[in-house]
Amino acid sequence: MASELRVNTLKDASGNNSIATSFVAGGSAKGLLNYNQTGPTTDNSLNISSVSDDTTGTFTPAYTNVFSNVNYFCSGMCNTTMFVCLEDSVTETSETTTSDAKMLAMQHNGTLIDCEQTMVKWHGDLA
């Protein structure tokens, strides 16, 4: 039988340091990924069911629990000089859905590369 716990505020064991549960639910990352594109292997993840290695510098993680709409966002980094984005800036087309998002590991000059350590986190409302 499933149980349900309903609370408005969480506190530590001494009764201090309170935080509203709405802040925890709304402010926590809804997905995390540590991905090695050269493997390709997933080193660690949260809410990621699989990762498709599409081509050099491009991969698509699929979410275990989908987002309620496409207005979520992510931030990430790749090695030390790269960045990861949700949109294909070359063709200017969005590759984001509620169940997955195309990711690009791109150097600042626009060249796509495979990174040994790509770390991404997602924030937004889950369905």
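The values are calculated or read from the model by the stated rules, or taken from the named source; none is laboratory data. This structure is a prediction, so every number in the text was calculated from the model and none was measured. Positions of Cβ are generated from backbone atoms using ideal geometry, with glycine treated the same way; all protein chains shown enter the neighbour counts. For accessibility, only protein heavy atoms count, side chains too; no ligands or nucleic acids. Shrake-Rupley method; radii C 1.70, N 1.55, O 1.52, S 1.80 Å.
Within the chain, what whole-number % of the accessible surface is contributed by carbon and sulfur, with the 1.4 Å probe and all protein chains included in the calculation?
Carbon-and-sulfur percentage of accessible area, whole number: 50.
Explain nothing, just compute: Karplus ³J(HN,Hα) = 6.51 cos²θ - 1.76 cosθ + 1.60, θ = phi - 60°, for every residue of the range 38-50 in order, whole Hz, x for Gly and Pro.
Per-residue couplings from phi come out as 6, x, x, 9, 8, 7, 6, 7, 9, 6, 10, 8, 6 Hz.
At 222 nm, what helix-only mean residue ellipticity would the chain give, in deg cm²/dmol to the nearest 500, using -39500 (n - 2.57) for each DSSP H run of four or more?
That comes out to -1500 deg cm²/dmol.
Give the lysines whose C-alpha is closer than 17 Å to that of residue 121, dropping any in the same chain fewer than 8 places away, or say none.
Of all the lysines, those that pass the test against residue 121 - Cα under 17 Å, at least 8 places apart if same chain - are 30, 102.
So how much slack lies between residue 68 and residue 5, counting 0.36 nm per residue of separation and subtracting their Cα-Cα distance, in nm?
Contour length minus Cα-Cα distance gives 20.3 nm.
Accessible area per residue for the chain in Å², computed with a 1.4 Å probe and the full protein assembly in place, what is it?
61
Rounded to whole Å, give me the distance from the Cα center of the range 1-30 to that of the range 109-127.
28
So what is Rg over Rh here for the chain, counting just Cα atoms and using Kirkwood for Rh?
Rg/Rh: 1.07.
Report, in debye and to the nearest 20, how large the dipole of the chain comes out about its Cα centre when Lys and Arg carry +1 and Asp and Glu carry -1 on their Cβ.
540
Given Cα pairs under 8 Å that are at least 6 residues apart, what percent is the relative contact order of the chain?
Answer for the chain is 29 percent.
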